[in-house]
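The values are calculated or read from the model by the stated rules, or taken from the named source; none is laboratory data. Nothing here was measured: the structure is a model prediction, and the numbers come from that model. So basically every Cβ, Gly included, is an ideal-geometry build from the backbone, and we count neighbours across all protein chains shown.
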Amino acid sequence: MQQRLRDKVALVTGGTSGIGAATVRRLVGEGARVVFTGSNAEAAARVEADTGAIFRTHRVEDASAWDALMADIEAEYGRLDIAFANAGTEAGDASVEDIDIAAWNHIVAVNQTGVMLTVQHAIRAARPDRSSSIRR
């Protein structure tokens with residue numbers, strides 16, 4: 001695999017399984033230094049062992065937790081070049097007729113608010129003097 005992303009710093013939310021874990025593997029394979037998030041520590045340990053990427057327990061919908069995550073990335077790497085807002089859920093999904101409001105609110109919080117918070121914080125972390133894939 002080419003090293004097209006050599007020395008880039010990437011954040012992948014929902015990186016413990018599926019598309020997120022595959023993305024972590026691909027980014028690392030392309031030379032990026034990767035921080036990935038999620039809530040499944042057991043699955044995260046496998047991805048960390050396979051890739052050398054760094055896992056942080058994090059819930060994308062928790063607005064108050066973002067500053068600490070971004071501070072960790074800044075302290076470890078000094079910047080963020082790539083962000084992949086991958087975290088999502090179908091938990092509690094049902095037909096419109098049957099879904100209860102708590103399940104609905106959880107799905108919206110993860111799948112929509114989580115994406116907005118990822119992008120918002122990635123833009124704030126992007127540096128105009130660097131070749132970031134995140135543009136203001």
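Computed quantities for the displayed model
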| item | result |
| --- | --- |
| Yes/no for ALA71 being part of a helix (DSSP H, G or I) and either hydroxyl-bearing (Ser, Thr, Tyr) or without any contact (Cβ under 8 Å) to a residue 60 or more places away in the chain (or both) | yes |
| Only one of PHE55, PHE36 that is closer than 15 Å to GLY18 by Cα, outside any helix (DSSP H, G or I) and in contact (Cβ under 8 Å) with a residue 24 or more places away in the chain | PHE36 |
| Answer from ALA45, ALA75, ALA94 - the residue that is under 15 Å from SER17 (Cβ atoms), surrounded by fewer than 16 Cβ atoms within 10 Å (Cβ to Cβ) and not acidic (Asp, Glu) | ALA45 |
| Filter result for GLU61 (out of contact with any strand residue (DSSP E or B) (no Cβ under 9 Å at 6 or more places or on another chain) and over 22 Å from LEU5 (Cβ atoms)) | yes |
| Options ASP129, ASP50; residue that is out of contact with any Leu (no Cβ under 8 Å at 6 or more places or on another chain), surrounded by fewer than 17 Cβ atoms within 10 Å (Cβ to Cβ), modelled with pLDDT of 95 or more and within 19 Å of ARG6 (Cα to Cα) | ASP50 |
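Results for (1) closer than 23 Å to ALA126 by Cα; (2) assigned to a helix (DSSP H, G or I); (3) among the hydroxyl-bearing types (Ser, Thr, Tyr), shown as yes or no for each residue.
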{"site": "ALA43", "(1), (2), (3)": "no, yes, no"}
{"site": "ALA49", "(1), (2), (3)": "no, yes, no"}
{"site": "TRP66", "(1), (2), (3)": "yes, yes, no"}
{"site": "SER95", "(1), (2), (3)": "no, no, yes"}
{"site": "HIS106", "(1), (2), (3)": "no, yes, no"}
